[in-house]
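Quick notes on the structure that follows.
The values are calculated or read from the model by the stated rules, or taken from the named source; none is laboratory data. Owing to the predicted nature of the structure, the values given are computational and were not obtained by experimental measurement. Don't worry about glycine lacking a Cβ; one is built from the backbone with ideal geometry, like all the others, and counts go over all protein chains shown.
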Amino acid sequence: MTLPRTPSFRINGRRALVAGASSGIGEGCAVALAEAGAEVTLVARSADKLDALAAEMRAEGWRAETLPLDITDIDATARAVAGRGPFDVLVNSAGLARHSAATDTTAQDFDAVSQLNIRAAYFLTQAVANGLLAADKPGSLINISSQMAHVGGIDRAVYCATKHAVEGFTKSMAIEWGPKGIRVNTICPTFIRTPLTEPTFSDPERVAWVQSKIKLGRVGTVEDIMGAVVYLASDAGALVTGTSLLVDGGWTAE
């Protein structure tokens, strides 16, 4: 009898692009992929922050390079990805939230959040996929979505709308590119302590709401996402596509 063997979680020799890498979840994903063996290209608008992160990662013996870029500039992003690619792995952690009651939503806030969370995410995913298709290579494309892609939330109508949209194009892209071996998935975290979520944690009423929803009784940390991204990027997740990996502490269980 030959025993089965667990597929490797290592991604040695693979090239990964991580957008939104300068802080929070994106930084954690970049570190996780580099630690698992990938050569990571760090993308964000702030060159200084990227340089500092890359230096720290190289000091650990990992491979990291920087690509300062505003992914809302669709044409510049497509050129940059084509010039540096192809990338075997994409993690897009760039995101924006502007919370208010739906009755108070402004067109400016709606457009700003949609431009980054939907439009930029869509075309970044497309750009990386085009590089893989041209090179006839498989790959794993991951967008950091949210538990709010599956439920509603207080003062989060716009944010929920954008994240529901990400889930929609993820499924369609997975169907389209699956025959080429390109997997497309999302990771959907609960509230993770990052600069993006600090306004929520400064509001006692919102903190009470968050704590009442998370069944494990605590908010998330960046480290809670790191194993999930390695799983989806590696051969351990080889049959996973067109789906959401919920890292939400049980928020959506009810």
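Values as computed for the structure displayed
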{"quantity": "Tally of residues being without any contact (Cβ under 8 Å) to a residue 60 or more places away in the chain and buried (at least 17 other Cβ atoms within 10 Å of the Cβ) across the stretch 176-187", "calculated": "5"}
{"quantity": "Out of Thr241, Thr252, sole residue that is more than 16 Å from Ser93 (Cβ to Cβ), of a type outside the set (Phe, Trp, Tyr), touching a His at 6+ places or on another chain (Cβ under 6 Å) and touching a residue at least 12 places away in the same chain (Cβ under 8 Å)", "calculated": "Thr252"}
{"quantity": "Answer residue from the stretch 120-175, given it is part of a helix (DSSP H, G or I) and of a type in the set (Val, Ile, Thr) and is surrounded by the fewest Cβ atoms within 10 Å (Cβ to Cβ) among those", "calculated": "Ile175"}
{"quantity": "Whichever residue in the stretch 188-214 is touching a residue at least 60 places away in the same chain (Cβ under 8 Å) and touching a Ser or Thr at 6+ places or on another chain (Cβ under 8 Å) and, among such residues, is nearest to Leu133 (Cα to Cα)", "calculated": "Cys188"}
{"quantity": "Checklist (1) farther than 28 Å from Val40 by Cα; (2) at pLDDT 95 or above applied to Val113, failing item", "calculated": "(1)"}
{"quantity": "Test: residue in the stretch 75-85 that is of a type in the set (Lys, Arg) and assigned to a loop (DSSP other than H, G, I, E, B)", "calculated": "no"}
{"quantity": "Qualifying positions in the stretch 1-34 - free of Cβ contacts under 8 Å to residues at least 60 places away in the same chain and of a type outside the set (A, V, I, L, M)", "calculated": "Thr2, Pro4, Arg5, Asn12, Gly13, Ser22"}
